[in-house]
Amino acid sequence: MLFSTQSFISFWDNAQGHIKQKVLPPTPSKFLDLGDGLGDIFKSVASERSQSGVSAAGVVWESLVCWYLNLCLAGSRTVVFRQRRELMPSPFQSALRVKYNNFPSNTESDLIAITFPKEDIYLKEIDDITNDSSNILSGVTLRKRNGDFNLLAVLDKLSEHHFSQFEIAVIQCKTNWNDNAQIPMLWDMVYSSEGFNRNIIVGTDGYTLPDLKNFSYSFITVPTVELSKFNPSSTAVKRVNNLSGGNYWGYPSRNDVASSIKEIFNRNFPNASDEGIRSRLALNINRHLTLYPYFRLD
């Protein structure tokens with residue numbers, strides 16, 4: 001999905017060499033530490049600042065962050081994807097929906113991370129699922145007319161059945177910290193609130209965020225201005241300082257300003273696998289070059 005966007009394809013053609021220099025030959029430390037340099041790689045390649053360039057740069061940064069997160073989460077129970085209705089199970093869409101009177105609204109989210117339950121059915125191959133005789137998927141059409149696996153219908157049913165065992169992370173990715181910090185601040189306040197008046201309701205169709213195993217809201221930026229202009233007292237910093245999922249950028253961590261992207265794994269995805277992230281990366285490291293061709297590190 002990431003490489004279906006022309007702006008990211010063009011970016012990747014120029015950035016791939018820089019990335020491969022940093023991560024090959026692969027080690028867990030190289031993969032994780034790539035988060036410290038993601039901002040420099042982005043800025044060195046995506047430098048156009050026309051209005052169309054700004055829009056394309058936003059898509060590129062979002063896609064690059066998504067690529068990096070999945071790179072480090074490969075082999076785990078967590079997957080990160082760009083927000084698209086056709087990829088999002090309906091129970092999670094309902095839980096994230098906010099109704100003001102009768103007007104429904106959804107968060108401005110760039111990326112969604114889903115951590116799946118530790119249940120056997122999520123480890124099965126597609127053919128094993130279609131032959132599964134359990135009652136969980138009874139009534140679900142597992143194959144479309146063209147023979148393709150009916151993924152979203154299956155995910156809808158499974159997420160409904162195991163809703164309380166799922167973890168959801170909403171991640172906003174922006175290239176302009178000053179102009180965009182207020183958006184995640186306000187949405188996180190809405191989702192973290194324990195109650196509004198009766199005209200504002202978080203969650204629909206009986207699905208609510210507190211019923212999930214865990215929920216977080218994060219902000220990941222690559223500021224378009226000099227990093228030295230951000231300090232603990234900056235308004236933009238204060239606005240995202242207390243986000244439930246944390247505030248990150250594509251550079252090394254700076255105390256009381258922003259954490260490196262690589263710190264998001266321990267904070268928001270501790271249940272992604274039974275092993276710690278470094279142990280899991282060590283076990284799966286060679287698969288990134290063979291079994292996971294979509295990372296394009298070959």
Problem set entry | Viscosity 1.306 mPa s, temperature 10 °C, Stokes-Einstein D of the range 120-161 from Kirkwood C-alpha radius, µm²/s | 151
For this session: Quick one: compute a quarter of the convex hull surface over the Cα atoms of the range 127-208 and quote it in nm².
Result: 9.2
Exercise. What residue among Gln83, Gln16, Gln165 shows peak mean-square fluctuation when the chain is described by a Gaussian network model with Cα springs under 10 Å?
Worked result: Gln16
Seminar exercise, completed: Calc'd 3J(HN,Hα), the range 149-157, phi into Karplus 6.51 cos²θ - 1.76 cosθ + 1.60 (θ = phi - 60°), Hz, glycine/Pro = x, comes to 5, 7, 4, 5, 4, 5, 5, 4, 5
Problem set entry | Set Lys22/Lys238; Lys43/Lys262; Lys118/Lys144; Lys30/Lys229 screened for pairs whose C-alpha atoms are more than 23 Å apart | Lys22/Lys238; Lys118/Lys144; Lys30/Lys229
For this session: Work out how far the C-alpha atoms of the range 234-298 reach from end to end along every principal axis, then list the three figures in whole Å, largest first.
Result: 45, 27, 17
For this session: Can you tell me the dipole magnitude for the range 120-161 around its Cα centre, using point charges on the Cβ only (Lys, Arg +1; Asp, Glu -1), in Debye to the nearest 20?
Result: 240
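With each run of n ≥ 4 DSSP H residues scored as -39500 (n - 2.57), what mean residue ellipticity at 222 nm is computed for the chain after dividing by its residue count and rounding to the nearest 500 deg cm²/dmol? Please list the in-between numbers first.
Details: 11 runs with 116 residues, N = 298.
One gets -11500 deg cm²/dmol as the mean residue ellipticity at 222 nm.
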Exercise. With point charges of +1 on the Cβ of Lys and Arg and -1 on the Cβ of Asp and Glu, referenced to the Cα centre of the range 120-161, which listed residue (Asn135, Leu152, Leu123) lies farthest in the positive direction of the dipole?
Worked result: Leu152
Seminar exercise, completed: 1/(1 + (r/R0)^6) with r = Cβ-Cβ of Tyr294 and Lys144, R0 = 25 Å, i.e. FRET efficiency to nearest 0.05, evaluates to 0.65
Problem set entry | Positive-pole candidate from Ser94, Val257, Ala113, dipole of the chain, charges at beta carbon | Val257
Exercise. So what is log10(I(q)/I(0)) for the chain at q = 0.08 1/Å, when the Debye sum runs over its Cα atoms only?
Worked result: -0.37
For this session: For the range 165-289, give the magnitude of the charge dipole about the Cα centre (Cβ charges: +1 Lys/Arg, -1 Asp/Glu; no others), in debye to the nearest 20.
Result: 320
Exercise. What spacing in nm lies between the two simple spin-label points modelled at Val79 and Asn176, each 7 Å away from Cα in the Cβ direction?
Worked result: 3.4
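For the chain, what is the relative contact order in percent, using Cα pairs closer than 8 Å and at least 6 residues apart in sequence?
Computed over the chain, the figure is 23 percent.
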Seminar exercise, completed: Expressed in µm² per second, the diffusion coefficient of the range 53-153 from the Stokes-Einstein equation, with Rh the Kirkwood radius over alpha carbon pairs, at 10 °C and 1.306 mPa s, is 97
Problem set entry | Local electrostatic count at Phe295 - Lys and Arg +1, Asp and Glu -1, tallied over other residues with Cβ under 13 Å | +2
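Report, in debye and to the nearest 20, how large the dipole of the range 67-215 comes out about its Cα centre when Lys and Arg carry +1 and Asp and Glu carry -1 on their Cβ.
300
The numbers here are math on the coordinates, done by the rules we state, and not lab data. Note that the structure is predicted; figures quoted are calculated from it, not measured. No Cβ is skipped: glycine too gets one built from the backbone with ideal geometry, and neighbour counts run over all protein chains shown.
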